[in-house]
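Below is one structure; the comments refer to it alone.
The values are calculated or read from the model by the stated rules, or taken from the named source; none is laboratory data. All values reported here derive from a predicted model rather than from experimental measurement. Counting neighbours? That spans all protein chains shown, and the Cβs are built from the backbone with ideal geometry, glycine included.
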Amino acid sequence: MSKKDLEGLVIPEHIGIIMDGNGRWAQKQGLERFEGHKAGARVFENICEYACDIGIKVVTFYAFSTENWKRPEKEVNALMELFRRFFARVNARESENEKKRMRIRYIGSRAGLPQDIVSLIDILESGTENKDGLTVNVALNYGGRNEILFAAKALAQRAAKGEIDPDKLTEEDISSGLFTAGQPDPDMIIRTGGEYRISNFLIWQSAYSELYFSDTLWPDFSPEDLDRAIIEFNRRNRRFGGV
Ligand code: FPP
C-alpha cells in the first residue's frame, strides 16, 4: 500500500494514537524494554512524516501518561532521556522542520516533568507555532481526567470572581479550556498492541471518535498500517447520534 491507495478517500483531520506494545516487542527479541521504546520513537518520527505527506492536519501521540510514573525508575529515566533527545534534536533541525511545516505542541501537565525537558518543549512550541502543516501533539505526563479537572478549576475560579455565570456554561467552554483548544476533535483513535482500552486518553475529545484497535506492536507499525486504519475509517458510517 502507498499514498496512492488513499486516492479518493476521506483523510481524517485529527487522529489520536496510543502507541502500545514497545515492551512486548523488545521482550520478544530478548532485548531490554527500553530498546522497544527506542524503536517506538523511530516509528513515531516516521509516522509524523507520513501523516504530513498525506495531509492529516493533527496527530496526537500518547507518549507518557500520568500513570506511567509508576513504572520502574530505570524505565522512566530512559523514556525521559528519549524525549529529551528528541526535543533537542528537533530544535536543532529547524530547516528540515521548516520543509515539513510541522508544528509541535505539548499536551499534558508540565508540573513534575524535569525542568530541562520543560524548557526544550517551550522552545520547540514557540519555534514551530507559525507552521501551518501537520500539528503534532505530544501527550506527555498527560491524563484525560486531569485535563478536564484543570479546565473545570479554571472555570470555577472565574465563576467565583463573578466573571461568568455557572448556569450559562457550555460544552464549548470546557473544550476551550483543554490542551487541545482550537483543534478539531479526533476523528479516529488508533491503539496498537492488541489492547482494547482508551486508558484516559483524550476522553472528552473522543466522544464521537471512531475507535481502531490493531494487534501490531507499536515498533512494527508502518505507514501501510496507517493506510489500513484510514481505509477502515472510510468504511464506517459516521452518524454523530443521528440516523
Ligand atoms: C507503551 O508501551 C508505550 C509507552 C509507555 C511509551 C511510548 C513512547 C514512545 C513510543 C516513544 C515516543 C517518543 C517520542 C520522542 C515522543 P508499553 O511499554 O506499555 O508496551 P507493553 O504493553 O508491550 O509493555
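Summary table below
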{"quantity": "Ile121 vs. criteria touching a strand residue (DSSP E or B) at 6+ places or on another chain (Cβ under 9 Å), assigned to a helix (DSSP H, G or I), within 13 Å of the ligand (Cβ to nearest atom) and more than 23 Å from Glu32 (Cβ to Cβ)", "calculated": "yes"}
{"quantity": "Residue within the range 143-154 that is acidic (Asp, Glu), within 16 Å of the ligand (Cβ to nearest atom) and either surrounded by 14 or more Cβ atoms within 10 Å (Cβ to Cβ) or at pLDDT 95 or above (or both) present", "calculated": "no"}
{"quantity": "Matching option when the condition is buried (at least 20 other Cβ atoms within 10 Å of the Cβ) and modelled with pLDDT of 95 or more, among Pro186, Pro223", "calculated": "Pro186"}
{"quantity": "Criterion (away from the ligand (no atom under 16 Å from the Cβ), closer than 20 Å to Pro12 by Cβ, surrounded by fewer than 16 Cβ atoms within 10 Å (Cβ to Cβ) and of a type in the set (Phe, Trp, Tyr)) met by exactly one of Phe233, Phe240", "calculated": "Phe240"}
{"quantity": "Of residues in the range 50-96 being small (Gly, Ala, Ser) and away from the ligand (no atom under 11 Å from the Cβ), the one nearest to Ile17 (Cα to Cα)", "calculated": "Ala51"}
{"quantity": "Close pairs (9 angstrom Cβ cut-off, 6 or more residues apart or separate chains): farther than 19 Å from Asp185 by Cα in the range 54-68, part of a helix (DSSP H, G or I) and within 7 Å of the ligand (Cβ to nearest atom) anywhere", "calculated": "Phe64/Leu79; Phe64/Phe83; Asn68/Leu79"}
{"quantity": "The lone exception for Val43 - which of (1) buried (at least 18 other Cβ atoms within 10 Å of the Cβ); (2) within 9 Å of the ligand (Cβ to nearest atom); (3) over 14 Å from the mean Cα position of the chain (by Cα) it fails", "calculated": "(3)"}
{"quantity": "Residue satisfying all of: in the range 1-32; modelled with pLDDT of 95 or more and basic (Lys, Arg); nearest to the ligand (Cβ to nearest atom) among these", "calculated": "Arg24"}
{"quantity": "Every residue from the range 119-157 that is free of Cβ contacts under 8 Å to residues at least 12 places away in the same chain and within 19 Å of Tyr62 (Cβ to Cβ)", "calculated": "Leu149"}
{"quantity": "Selection within the range 180-206 - under 15 Å from Val138 (Cα atoms) and hydroxyl-bearing (Ser, Thr, Tyr)", "calculated": "Thr180"}
{"quantity": "Output for the range 127-142, where each listed residue is within 16 Å of the ligand (Cβ to nearest atom) and loosely packed, with under 14 Cβ neighbours inside 10 Å", "calculated": "none"}
{"quantity": "Filter result for the condition that a residue is among the charged types (D, E, K, R) and modelled with pLDDT of 95 or more, over Arg71, Arg101, Arg89", "calculated": "Arg71"}
{"quantity": "Any hit, the range 217-226, residues being farther than 22 Å from His37 by Cα and either within 15 Å of the chain's Cα centre (by Cα) or of a type in the set (Ser, Thr, Tyr) (or both)", "calculated": "no"}
